[in-house]
1. How about the stretch 38-74: which GluC sites (Glu not before Pro) there are in a DSSP loop, with at most 15 other Cβ atoms within 10 Å of their Cβ?
2. Compare P86, P41, P74 in a GNM of the chain, Cα atoms joined below 10 Å, and give the one with the largest fluctuation.
3. Rolling a 1.4 Å sphere over the protein heavy atoms, what is the accessible area per residue of the chain, to the nearest Å²?
4. If I compute solvent accessible area with a 1.4 Å probe over the protein chains, what percent of it on the chain is carbon and sulfur?
5. Using just the helices of the chain, give the 222 nm mean residue ellipticity in deg cm²/dmol: DSSP H runs with n ≥ 4 each add -39,500 (n - 2.57), and the total is spread over all residues, rounded to 500.
6. By how many nm would the segment from A8 to Q127 grow when fully extended, if each residue of separation counts as 0.36 nm and the alpha-carbon distance is taken off?
7. Where in the stretch 45-63 does the amide nitrogen come within less than 12 Å of the point 7 Å from the Cα of R28, taken along Cα to Cβ?
8. Is there a quick way to get the dipole size of the chain? I mean about its Cα centre, with the Cβ of Lys and Arg at +1 and of Asp and Glu at -1; what is the value in debye to the nearest 20?
Amino acid sequence: MDSLHFLADRGQELRDLIHSPENRDSVRAACTDVDVSLYHPEDGERPADGLLAVCVGCEGRLECLALALRAEDPEARHGWYGGLGPADRDRIAAVVRLDAVATPLSDKALAAIRLGQNGWRINDIAQVLGCSRRTVQRYLRSVR
Ligand code: SF4
């Protein structure tokens, strides 16, 4: 449970971010130069400790976690957000009594949003995810 310590006394802040992310000034993600696909290893695997250490020092850690909790399908959590895997996010969702707050987004949409938050241009996101610019724009709008 060590990995959840950073959330101590931040439950309300997390709820606010999940429900009203637009009220938060943008913060800098520490993984800007990291291949974010590494945070989505094969099922059951865990990213390298070095990658998760990047999350521990990330200014946008809570926002990253809130994004996943807001947008992913609770029945199909995948990947690591805020340094936390699917099982941890299940526990957090239960603690903050997270009901369905939005229509779940696909893994591709979540990846696009994360890349957008990391400062990637729409063209580059479209290219790396193999979808159109229009689709990327739709993904990015879905969390504004
Ligand atoms: S917490 Fe999220 S935004 Fe921050 S480094 Fe980790 S994956 Fe990137």
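1. Answer by residue number: E42, E45, E59.
2. Between P86, P41, P74, it is P41 that shows the largest mean-square fluctuation.
3. Accessible area per residue: 58 Å².
4. Here it works out to 48 percent.
5. -13000 deg cm²/dmol
6. So the chain would gain 39.0 nm between A8 and Q127.
7. 58-60
8. Dipole size: approximately 640 debye.
The values are calculated or read from the model by the stated rules, or taken from the named source; none is laboratory data. On a predicted model such as this, the values are computed, not experimentally measured, just so you know. Heads up, the Cβs are rebuilt from the backbone with ideal geometry, glycines too, and the neighbour counts pull from every protein chain shown. Areas reflect the complete protein model, heavy atoms only, side chains present, ligands, DNA and RNA absent. Shrake-Rupley method; radii C 1.70, N 1.55, O 1.52, S 1.80 Å.
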